[in-house]
1. Given (1) open to solvent by less than 30 Å² (accessible area, probe 1.4 Å); (2) at pLDDT 95 or above, identify the lone condition not met by V38.
2. Looking only at the stretch 24-35, which residues are under 13 Å from the mean Cα position of the chain (by Cα) and either among the β-branched types (V, I, T) or surrounded by fewer than 13 Cβ atoms within 10 Å (Cβ to Cβ) (or both)?
3. Being touching a strand residue (DSSP E or B) at 6+ places or on another chain (Cβ under 8 Å), among the hydrophobic types (A, V, I, L, M, F, W, C) and closer than 18 Å to R4 by Cβ narrows it down to one residue among I32, I21; which is it?
4. Considering every residue within the stretch 69-81, establish whether at least one is at pLDDT 90 or above, surrounded by fewer than 10 Cβ atoms within 10 Å (Cβ to Cβ) and within 17 Å of T11 (Cβ to Cβ).
5. Does I21 satisfy the condition of being of a type in the set (V, I, T) and either touching a residue at least 40 places away in the same chain (Cβ under 8 Å) or open to solvent by 30 Å² or more (accessible area, probe 1.4 Å) (or both)?
6. Given (1) modelled with pLDDT of 95 or more; (2) touching a helix residue (DSSP H, G or I) at 6+ places or on another chain (Cβ under 9 Å), where does R49 come up short, assuming only one miss?
7. Which of the residues belonging to the stretch 25-84 are of a type in the set (D, E), free of Cβ contacts under 8 Å to residues at least 60 places away in the same chain and part of a helix (DSSP H, G or I)?
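The values are calculated or read from the model by the stated rules, or taken from the named source; none is laboratory data. This structure is a prediction, so every number in the text was calculated from the model and none was measured. Cβ placement follows ideal geometry from the backbone for every residue including glycine, while neighbour counts extend to all protein chains displayed. SASA here: full protein model, heavy atoms, side chains in, ligands and nucleic acids out. Shrake-Rupley method; radii C 1.70, N 1.55, O 1.52, S 1.80 Å.
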Amino acid sequence: MPTRNTATRITFKRPFRLAEIDGLLPPGSYDIETEEDVIEGNYRTVYVRKAAFIWVRSLGSSRMVPIDPSGLEAALLQDLVEGS
């Protein structure tokens, strides 16, 4: 089955928390990678998310951590609400 990979960059204005990572992450920009299965039909193409990852960089090292996209969306929403 073919897959599609997308990369985006998001920015947090305040420290935030994700369930998959212990402790608070500092404000800043983070790269997000998403992998989706491509299901081609007769009338349209559907993309089903398989995995999402966040790149966490600190003290000269980096690691890619698998995350739940809904948790990331909740953290982004909280950052937006607290900033207004």
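1. Of the numbered conditions (1) open to solvent by less than 30 Å² (accessible area, probe 1.4 Å); (2) at pLDDT 95 or above, the odd one out for V38 is (2).
2. Of the residues in the stretch 24-35, the ones under 13 Å from the mean Cα position of the chain (by Cα) are 29-35.
S29, I32, T34, listed by residue number.
3. Numbers: I21 fails: closer than 18 Å to R4 by Cβ.
The match here is I32.
4. Within the stretch 69-81, one or more residues are at pLDDT 90 or above, surrounded by fewer than 10 Cβ atoms within 10 Å (Cβ to Cβ) and within 17 Å of T11 (Cβ to Cβ).
5. Details: of a type in the set (V, I, T): yes; either touching a residue at least 40 places away in the same chain (Cβ under 8 Å) or open to solvent by 30 Å² or more (accessible area, probe 1.4 Å) (or both): yes.
Yes: the conditions hold for I21.
6. Unmet for R49, out of (1) modelled with pLDDT of 95 or more; (2) touching a helix residue (DSSP H, G or I) at 6+ places or on another chain (Cβ under 9 Å): (1).
7. Of everything in the stretch 25-84, just one residue is of a type in the set (D, E), free of Cβ contacts under 8 Å to residues at least 60 places away in the same chain and part of a helix (DSSP H, G or I), namely E73.
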